[in-house]
Amino acid sequence: MGKEIVLTGITTSGTPHLGNYVGAIRPAIEASNRADTEAFFFLADYHALIKCQDAERVQQSRLEIAATWLACGLDTDKATFYRQSDIPEISELNWLLTCVTAKGLMNRAHAYKAGVDENVASEQDPDFGITMGLFCYPVLMAADILAFNAHKVPVGRDQIQHIEMARDIAGRFNHIYGSEFFVMPEAVVGDSTAILQGLDGRKMSKSYNNTIPLFDTEKKLKKGINKIKTNLLEPGEPKDPNDSTVFEVYQAFATPEQTEEMRQKFADGIAWGEAKKELFELVNGQLGDAREKYLELMANPAQIEEVLQAGAVKARARARDHIKQLREAVGLVNFV
Ligand code: TRP
C-alpha cells in the first residue's frame, strides 16, 4: 500500500504564535517524521490575499512562517514544503473545481456567512466588503488538498467545514467525469489541548489579536506571558487549573509529570506571578534553540528561497501528472 498523504497549509497573513506551534506546526512535523506518511506542507499565500491586502505584510509573513517551519525542525528531504503561489497547477485545479461547485454549497461556508451576518447586524448591504475570494475560499482550499490527493488534513476545528466541502466537491467531480480522480480527504483535528487559548481566554488567533508570538525576543515572550488574563485569586488561594490559560499553555509544553506537578501547585495556591514565571521558563527553554535558528534564517532569506524553490519543483512534479489526467477528463487536450 502507498503511504498516507498528510497535507496542511498555514495562511500567511500574520506572525506565527504559540497557538500555531502547538496546534499545527509541532504535530505536523511529528507526522512528517513517521515512516508511513508522506507530508505536504505549504504556505497558503493565495489564501492570505483574501484577508490581507497589505503586500508588505503578506511578504513578511511568508518569510516568517517559512523560517518558523524550518527552525522548528522540518526536514525538507522528508516533507515537501512549498508556497501555494509557486504551484500554478493549484490555480488550474481551482478553476476546474469552481466549475463543478454548487453556489449553494458556498453560500453555507461559515467564513463568508460570518461576513454577511456582520453586515446585516450593522444594517449594511449584505454583500458589503465581501470579495469573490472570500466567497470561493473553500474551493481554493479544496484545490490545495485535491491536487495532491491528500488523505489526511490536520486542521483547527474551524476548518472542518472546509474539508467537508472539499469532499463534496471531489465527489461531484468524480461523479460528473465518471472516475475516482480524487481521494476523499479527511480532517484530522488534534485533541482539545491542541487549541491554545489566547491572552484574553478566547482561542489564540491572529484574528482576535490575542496571541503570544513564537519567536520574538525572550523579553517579549515574558511580556506576552505576563499579559495572560487571570482571575483575582491571591497567593495561597487554590486555583482551578481547568479554568486557566496559564495552566493550559503550560500543559501544551510540559511532560505529563510536569503537568501533574503544576496541577498540584495550583491546588496549593501558587501565586499567578510565580505560575507565569514557571510557564515562561518552560516555554523559553523549549524554544530557545529554535529561536536562534529562526533568527539565522530570517537574516538569510536566500537560504529559505532555495528550500522553497526546491519544494516547488517536487510539488509540481506530483501535481502535474494529476492535472494532466484531469484536463483530459474535462476535454482540454491537444488536437494532435
Ligand atoms: N484555510 C486554512 C486556515 O486558515 C489554511 C489552508 C489553506 C489549508 N489551504 C489549506 C489548511 C489546505 C489545510 C489544507 O487555517
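The values are calculated or read from the model by the stated rules, or taken from the named source; none is laboratory data. All values derive from a computational prediction rather than experimental measurement. Cβ placement follows ideal geometry from the backbone for every residue including glycine, while neighbour counts extend to all protein chains displayed. Surface areas here come from the heavy atoms of the whole protein model, side chains and all, with no ligands, DNA or RNA. Shrake-Rupley method; radii C 1.70, N 1.55, O 1.52, S 1.80 Å.
Most mobile of Leu279, Leu105, Leu232 per a Gaussian network model of the chain (Cα springs, under 10 Å)? The residue with the greatest mean-square fluctuation here is Leu232. On the beta carbon distance between Glu281 and Phe335, with R0 = 56 Å, the FRET formula returns roughly 0.25.
Put the Cα centre of region 211-228 next to the Cα centre of region 131-165 and the gap is 31 Å. Binning the alpha carbon pair distances of the chain at 10 angstrom intervals from zero yields the distribution 5, 23, 30, 23, 13, 4, 1, 0, 0, expressed in whole percent.
For region 58-205, the equivalent ellipsoid derived from the alpha-carbon gyration tensor has semi-axes of 25, 25, 16 Å in decreasing order.
If you average the C-alpha positions of region 240-284 and of region 289-336 separately, how far apart do those two centres end up, in angstrom? The two parts, judged by their Cα centres, are 41 Å apart.
Helix check for the chain. Which DSSP H runs span at least 20 Å along their own axis by Cα, with a mean Kyte-Doolittle hydropathy no less than 0.5? Let's see the in-between values first.
Numbers: long enough: 55-71 (24 Å, -0.11); 132-146 (21 Å, 1.73); 160-177 (26 Å, -0.27); 272-298 (35 Å, -0.60); 301-330 (40 Å, -0.46).
Helices meeting the span and hydropathy rule in the chain are 132-146.
Between Glu56 and Glu260, the FRET efficiency from the beta-carbon distance, with R0 = 41 Å, is close to 0.35. Ligands, DNA and RNA left out, the 1.4 Å accessible surface of region 191-284 is 49% carbon and sulfur atoms.
Cross-link partners for Lys219 among the lysines, with Cα-Cα distance under 21 Å and sequence neighbours closer than 8 places in the same chain left out: Lys206, Lys227, Lys229, Lys276, Lys277, Lys293. Among the GluC sites (Glu not before Pro) within region 270-300, not one is in coil by DSSP while having at most 14 neighbouring Cβ atoms inside 10 Å. Annotation: per residue accessible area for the chain equals 51 Å², rounded to a whole number [probe 1.4 Å, protein chains only].
For region 249-336, the set of chymotrypsin sites (Phe, Trp or Tyr not before Pro) satisfying both a DSSP loop assignment and a count of at most 14 other C-beta atoms within 10 Å is given as Phe335. Under a Gaussian network description of the chain, with springs only between Cα atoms under 10 Å, the residue in Gly115, Gly104, Gly171 that fluctuates furthest is Gly104.
Taking the Kirkwood radius as Rh and the Cα radius of gyration as Rg, region 202-284 has a ratio of Rg/Rh equal to 0.95.
Subtracting the Cα-Cα distance of Glu274 and Ala114 from their residue separation scaled by 0.36 nm leaves 53.6 nm. Placing dummy labels 7 Å off each Cα toward the beta-carbon, the span from Asp77 to Ile176 is 4.3 nm. Note on the chain: GNM, Cα springs under 10 Å; of Ile195, Ile176, Ile228, the largest mean-square fluctuation is that of Ile176.
Please list, by residue number, every one of the trypsin sites (Lys or Arg not before Pro) in region 114-204 that is coil in DSSP and has at most 16 other beta-carbon atoms within 10 Å. Intermediate results must be reported in sequence, preceding the final value.
Numbers: sites: Lys152, Arg157, Arg167, Arg172, Arg202, Lys203; in loops: Arg202.
Filter output for region 114-204: Arg202.
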